[in-house]
Amino acid sequence: MGIRVCILSLILTFALTTMSGARPVSYTGGSTMMYFSDNLKESVYYHYSPSYKYSLGLEWLKDKVQNENYAYLRYTHLMNRKNTKNSQRNLYFQSGISSKGLNKNFIGMHGDWETRRVFAGFGLKHVQADVKDYTEEYIQLGLAPYLGDYGDLHTWILIKTKRNSLTNEWNSYPVLKLFKGNFMVELGYDENDEWDAHLMYRF
Amino acid sequence: MKKIIISLLLLPSLALAGELEHEMHHNHDEHENHLHEMVDGQEFQLDKEKFNKFVSGLSNAQIAVLSVQGMVCDFCARGIEKTFKKDVGYLNIDVDLTHGKVLIAYDMSVLIDKSDVEKKILSNGQNLVDMQILSIP
């Protein structure tokens with residue numbers, strides 16, 4: 001319990017001091033298409049950003065917990081961003097309402113801080129579901145093994161630690177993230193949950 | 001759980017070591033590889049090789065050299081390229097992630113408005129902190 005409190009304190013310290021946010025919002029007028037798969041869901045998500053401060057989108061998903069298919073209307077808001085010469089940190093609020101009704105929804109926070117060499121991110125998400133509500137949490141820390149130039153293939157090696165309240169176990173596993181132009185591929189392998197896959201294209 | 005905590009502690013240490021090594025290397029090579037330009041008495045840095053490649057083939061043009069904060073990844077700079085490519089008189093664009101610079105070439109007929117540039121950078125979620133104009137005869 002003490003260790004858990006310690007880790008949560010670390011996350012909150014990240015969020016409330018210098019480190020936070022992520023990139024679920026694009027540049028003004030930008031669209032993003034994503035594919036995501038892990039032990040809880042498989043989904044395709046499209047969002048549009050009328051401003052760099054928020055995005056609206058639709059996510060079609062196969063819910064592996066409830067074993068059903070439905071869609072989310074999603075809203076993500078950039079709550080805080082700090083740009084410096086060598087870093088950027090972000091803190092986002094995210095939410096979604098299901099096509100199955102208002103009582104099936106989620107809210108969450110998502111944060112990251114990165115330089116060209118180092119990445120730290122976290123996510124907290126509470127899902128209200130028909131059968132049983134649950135919470136997802138993760139921390140991600142990573143390093144870029146080399147600094148690529150603009151247009152090059154960019155690589156990140158990360159460690160992701162995640163937990164959901166259904167299994168109530170923390171799992172840690174390596175993740176490889178690759179960027180090239182407007183494409184991003186993220187792959188993680190956990191011996192318990194098998195593959196995490198995240199593909200993204202911005203346009 | 002111990003593995004998680006050790007990983008949490010170890011990663012930033014490795015990252016910091018990598019950053020320090022990079023900085024030392026960066027400082028050592030700085031005067032050889034970086035172009036020090038003077039505009040109106042102000043000095044700023046550009047990657048020499050990158051700059052030479054960018055200006056090759058350009059004539060009767062002007063280059064806006066933008067210093068941008070928060071441009072820490074290739075992915076984050078994509079929107080900047082997309083936005084400025086729509087400008088009238090646009091010729092070329094390049095991004096120098098190492099120095100946080102964006103180079104945009106326009107033909108000489110264009111009046112480059114700093115406040116307009118600032119808005120466009122902000123619409124991508126970054127901040128413009130300086131802009132210099134270089135003329136290419």
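Miscellaneous remarks
- Which listed residue is at pLDDT 95 or above and either in a strand (DSSP E or B) or more than 12 Å from the chain's Cα centre (by Cα) (or both), from B:VAL95, B:VAL117, B:VAL88: B:VAL117
- Filtered by the rule that a residue be among the aliphatic types (A, V, I, L, M) and free of Cβ contacts under 8 Å to residues at least 24 places away in the same chain, the range A:141-196 gives A:LEU141, A:ILE157, A:ILE159, A:LEU176, A:MET184, A:VAL185, A:LEU187.
- Single residue of the range B:110-120 satisfying the filter (in contact (Cβ under 8 Å) with a residue 40 or more places away in the chain and touching a strand residue (DSSP E or B) at 6+ places or on another chain (Cβ under 8 Å)) that is least open to solvent (accessible area, probe 1.4 Å): B:VAL117
- Taking strands (runs of 3 or more DSSP E) as the structural unit, those lying wholly within the range A:112-183 and holding at least 3 residues that are surrounded by fewer than 15 Cβ atoms within 10 Å (Cβ to Cβ) and either at pLDDT 90 or above or touching an Asp or Glu at 6+ places or on another chain (Cβ under 8 Å) (or both) correspond to A:169-180.
- Just so you know, in the range B:98-109 the residues that are more than 23 Å from A:SER26 (Cα to Cα) and open to solvent by 30 Å² or more (accessible area, probe 1.4 Å) include one that is nearest to the chain's Cα centre (by Cα), and it is B:ASP107.
- Any chance B:PHE75 is without any contact (Cβ under 8 Å) to a residue 12 or more places away in the chain, out of contact with any Pro (no Cβ under 9 Å at 6 or more places or on another chain), under 28 Å from A:VAL185 (Cα atoms) and not basic (Lys, Arg): yes
- Taking the criterion of being within 19 Å of the chain's Cα centre (by Cα) and either open to solvent by less than 20 Å² (accessible area, probe 1.4 Å) or farther than 25 Å from A:LEU58 by Cα (or both), the residues of the range A:100-111 that qualify are A:PHE106, A:GLY108, A:GLY111.
- Options A:LEU102, A:LEU40; residue that is over 22 Å from A:GLY142 (Cα atoms), touching a residue at least 60 places away in the same chain (Cβ under 8 Å) and more than 14 Å from every other protein chain (Cβ to nearest Cβ): A:LEU40
- Within the range B:41-89, the set of residues being away from chain A (no Cβ under 14 Å) and within 24 Å of A:SER49 (Cβ to Cβ) comprises B:ASP87 only.
The values are calculated or read from the model by the stated rules, or taken from the named source; none is laboratory data. Keep in mind the model is a prediction, meaning the values are calculated, not measured. Neighbour counts are summed over all protein chains in view; Cβ atoms, including those assigned to glycine, are modelled from backbone coordinates with ideal geometry. Note: accessible area is taken over every heavy atom of the protein model, side chains too, but ligands, DNA and RNA are not part of it. Shrake-Rupley method; radii C 1.70, N 1.55, O 1.52, S 1.80 Å.
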